[in-house]
Structures are given as structure tokens and as C-alpha cells.
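To start, the structure itself, in C-alpha cells.
Coordinate-derived values only; no laboratory data. All values reported here derive from a predicted model rather than from experimental measurement. As a convention, Cβ positions derive from the backbone with ideal geometry for all residues, glycine included, and neighbour counts pool all protein chains shown.
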Amino acid sequence: MTEAQEFQIGQMVNVKNVCSNKHHRVPFYLKGKTGKVTEYLGLVDNPELAAYSKNNSGVYPLYRVCFEHKSLWGGDQNEEIFADLAAKWLCKVEV
Amino acid sequence: MPEQHSHDHPTDSDVDAYVLSEGQILEIALRELLLEKGIITQPELNEQMNITASQSASFGASIIAKAWKDREFKQALLYNPKAAITDLGYDVSKMPDLVIVENKSQLHNVVVCTLCSCYPRYMLGPPPEWYRSAAYRARIVRDPREVLVEFGLNLRADVKIRVYDSTADLRYMVMPLGPQGAESMAVDILETLVTRDSMIGVGVPKLP
């Protein structure tokens, strides 16, 4: 399974700021935002196909990503927001 | 024959005059089609409705109470919830993947599904209305501390809040902090302390 892993734990990633009219399971408030990969969650069905009962049996690497509250909304709150996002919606942060 | 229609009718609308929403009409149409085409049978539908109606937060509470009591079980449960619950003799094969996040003295977890209303029904029963409301879903990720205060939960300033947005295939629930000395208390007492809200993360368990 590890060969499907595109991102490493601890790596910073951007969520693609792209609109989709499909069932893509990426909340708008995270689009274009930067977070840190905290866990690789394995392969899941592509929700854009699964929503139409087209099972493509786990081809979609899924990651848990941690976003700092202040990076989403500004301010100085210390809280963290976690979301589970598919690799195709993430890209590496160029440093 | 309106001219012979001399008696009065009540003017207030009642439940029988209820107008179905578009979603309800769609549900009825889909259900009738599935039954007519034989894709599901009425007994199967009834059985699923019974299962759904019988699910409640008391199951989740019993699992959390056992974890408070038994350190080894707690580690197993946090590591792989479905496997640990299966080991207790329950059939969770139809349950979506579950993650249990543990509260610590300086870390408080809370669960939401901003995209719809994903919820660990198998563990907690049907979700409360507010969990599905746009207000909760929008505000808990924007201002979690303030929303928790509105639920009556005033966390110390040094307690960090983590919000888990169940955006994908995993369902989340919270393992609240157990009372002091939980390991020496009876599980059936501990169970009564674990509230549904404490497993969503908008509350804390009752005091023993």
C-alpha cells in the first residue's frame, strides 16, 4: 500500500483551489489552504464515482490533514481543524 | 354541491394537511420503485428501519465505559476501534470505518461533518437535529470555543480544541476524559456518566 503514498507524514500540503460539481468531499473553507499531513489513511473509493454506485475499489489515497485555525480564519486562536482529503486534491507546498 | 355544504370545517391546518417536501416525494418514489422492482423487499426495509430505530448512544457509552475501566481494552479500542468492538462479540462488519479520538487534560476533541451529516450512528444512534444544522456545521470549524460555550462547555484557556471534520469515509467519535478512579468503578455505573454529547465533543461526562 505504501507505493500509493504520495505525501509523507509531517509534510505541508495545499488543498487545490478548484471547483467541482461532483461529489468530491472537499469543503470550500479548506480550498486553497495549507495544512500538515498527519496520517495516511489508505485507499478508498473515488467518491465522484461511488456517488453513482460506480465502484472503482479503492484507488484513491486518503490523508488526514491538520489545519491551524489561524491559517484558515486569521486571528490568534490555537485550535486545529482536521479533515480527511484525497491525494488528488492535495499538492506539495513549494519551499 | 357547495350550496348544500352548510357545516363548518376547521380552518387550522393539521398533520393530515401537511405538504410533502420535494425530498420526501423523491424518497417515496425511490422507495416504491425499489420495492416494485424487487431490489429490496418490504421485510428487508422493515428490518433496516428497526435496526436504525434501535441504535442509540447507550451502545457507544458502554464501549467508552469499558475503555475507562480496562486500560488494555482502551489501547486496543483507540488503535483499531472496529477490531476491538468485534472482539467483544459485536458484529460491526456493516459499520463504516471508525476513529475514536481521545480527550486529554489539555486537548479537547469535537466532531462535525461540514459537508453533510456523517455520524457514527452505529455507536451513537441517529444524530441530533443540531448536528445536522447549517449553523453547527458552519460555526464549529469557524469558532469552536464560542460554540462549545453555547453548549455550556467552558474549557480552560490552556485546553486546545481539535475539530474533526468527517469529510471522507471515516466516522469519528470522542473518548471523553473518565472520572478519577474510573478503573475501580463498576462499568454499569460508568456507562451512566457517558452522554451522547460527550462522545460528539460538545459536552463532558456527568460527574459520578
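What is the distance, in nm, between label points placed 7 Å from the Cα along the Cα-to-Cβ direction at B:LEU78 and at B:VAL92? A separation of 1.6 nm, rounded to one decimal place. Simple spin-label estimate for B:LYS206 and B:ILE28 gives 4.1 nm between the two label positions (7 Å along the Cα-to-Cβ direction from each Cα). Any idea what angle helix B:42-54 forms with the longest principal axis of chain B, computed on alpha-carbon atoms, 0 to 90 degrees, nearest 10? Relative to chain B, helix B:42-54 is tipped by roughly 50 degrees. Mean per-residue shielding of peptide A:63-69 is 3, counting Cβ atoms of other chains within 10 Å of each Cβ. Each of B:ASP165, B:ASP91, A:ASP45 has some number of other Cβ atoms within 10 Å of its Cβ, and from fewest to most they run B:ASP91, A:ASP45, B:ASP165. Footprinting exposure proxy ranking of B:VAL204, B:VAL187, B:VAL163, fewest other C-beta atoms within 10 angstrom first, gives B:VAL187, B:VAL204, B:VAL163. Counting only Cα atoms, the protein assembly as shown measures 82, 51, 42 Å along its principal axes, largest extent leading.
Consider a paramagnetic label point 7 Å from the Cα of B:ARG156 along Cα→Cβ; state which residues of region A:53-95 have an amide N under 19 Å from it. So the set is A:78-80. What does a probe at A:SER20 reach in region A:35-62, counting residues whose amide N is under 17 Å from the point 7 Å along Cα→Cβ? A:41-62, by backbone N distance to the label point.
Computed from phi, the 3J(HN,Hα) profile of region A:34-40 under the Karplus parametrisation 6.51, -1.76, 1.60 (θ = phi - 60°) reads 10, x, 10, 5, 10, 7, 9 Hz, with x in place of Gly and Pro. Which of B:GLY89, B:GLY38, B:GLY181 ends up with the largest GNM mean-square fluctuation for chain B, with Cα atoms connected below 10 Å? Result: B:GLY38 has the largest fluctuation of those listed.
With the biggest extent put first, the Cα atoms of chain A measure 43, 30, 22 Å across the principal axes. Spacing of the modelled spin labels on B:GLU183 and A:LYS88, each 7 Å from Cα toward Cβ, amounts to 4.8 nm. Taken along its principal axes, the alpha carbon cloud of region B:55-200 reaches lengths of 38, 35, 23 Å, longest axis first.
Averaged over the residues of A:24-32, the number of partner chain Cβ atoms lying within 10 Å of the residue Cβ comes to 3.
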